[in-house]
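Below: one structure, written as structure tokens.
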Amino acid sequence: GISVGRWQNTINTWKPSSCNIDQSLVTAMKSCLSHKRIGLYGDSALRSIALAMLKEGGKPKIAISETGKKPTLGFSHKLHINGGEVNMHWSPSVFRNKPSKINIGALAKDDITIIGIGQLDMVNHRHRVTDWFSSMIDLLTDAASVRNGKGLFVMQIHQLNPVKCEPPTNKKEGSPEWLAHLENCRRCSSNDALQAYREALASAVSCVRSKGLANIHLIDTLGITNNTYASMHAEGVSQYDHVIASVEMIMVLGAACMGMRHMSDASGMEEDTCPDYKDGSVSKHVC
């Protein structure tokens, strides 16, 4: 698939092992977005993909507006691709929001719906993985049901970069609180924590499919981000620049428009099974 390959860093290009990402493929993916309403529900990692879509659609510079001192992190823009539309709904946490509670009307009306939640919950909210798993099943079940058979695409959590953790600006440098903040960020974005949450998300998608909601699909971009080249393009613990986000965008379009399917290697299970996730070592991961 597209997610397996290598970066050709001299030309900032991703080279899949089994196919070529040439202009004809990108054009074919983009053409299916004609007159489509695309809804993205998630965090800053998914917002980077939304911005990449807008750039491809003829809007190279998108300023995220500010209301007072707080940024308005969601946005809606028309694409210059035969009337297409991209709507980014800021919903970064499974504990704070559910798509059905944010805008159930939008979720039902989308032609293409993409959910990407996980990074913020890992690093900031620090719940037990089993609690996150249970909440994610509820969220995805609601979302898939509202879609009424139309595709629901879930972004698997990509590679995180603990070295990008930053100290808090409101704590005294070197104080116990300052040190604890940094340690929590690094621990909760470590590869061990990432593996646990990726397994939980893959399992949640499988559980939803086992309920007969076969319209939900997982998109996994770990191969694109889990390498030295991608780490050089990291702009934060969970964010990457346009070079990386553009390839992730191609994977999203490939899944939504061309039927490319991706299952997580972390799960090791059949797509439509629901494991007893409360048993096993992964439940011991607590941040």
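For segment 192-255 and segment 115-154, what is the separation of their Cα centres, given in Å?
Result: 13 Å between the Cα centres.
Accessible area of segment 149-248 with a 1.4 Å probe: how many percent of it is carbon plus sulfur?
50
Quote the accessible area belonging to residue 53 in square angstrom, nearest 10, computed with a 1.4 Å probe and with ligands, DNA and RNA left uncounted.
We get 10 Å² for residue 53.
On a 1.4 Å probe surface of the protein chains, which of 158, 217, 181 comes out largest in accessible area, and what is the full order?
181, 217, 158
Sorted by accessible area (1.4 Å probe), largest first, how do 96, 37 line up?
So, going from the largest accessible area down, we get 96, 37.
Only sites in a loop by DSSP and with at most 12 other Cβ atoms within 10 Å count here; which GluC sites (Glu not before Pro) in segment 170-267 make the cut?
Here the sparse-neighbourhood loop sites are 173.
The values are calculated or read from the model by the stated rules, or taken from the named source; none is laboratory data. All values derive from a computational prediction rather than experimental measurement. With ideal geometry, Cβ positions are generated from the backbone for all residues, glycine too; neighbour counts draw on all protein chains shown. Accessible surface is based on the protein model in full, side chains and every heavy atom, while ligands, DNA and RNA are left aside. Shrake-Rupley method; radii C 1.70, N 1.55, O 1.52, S 1.80 Å.
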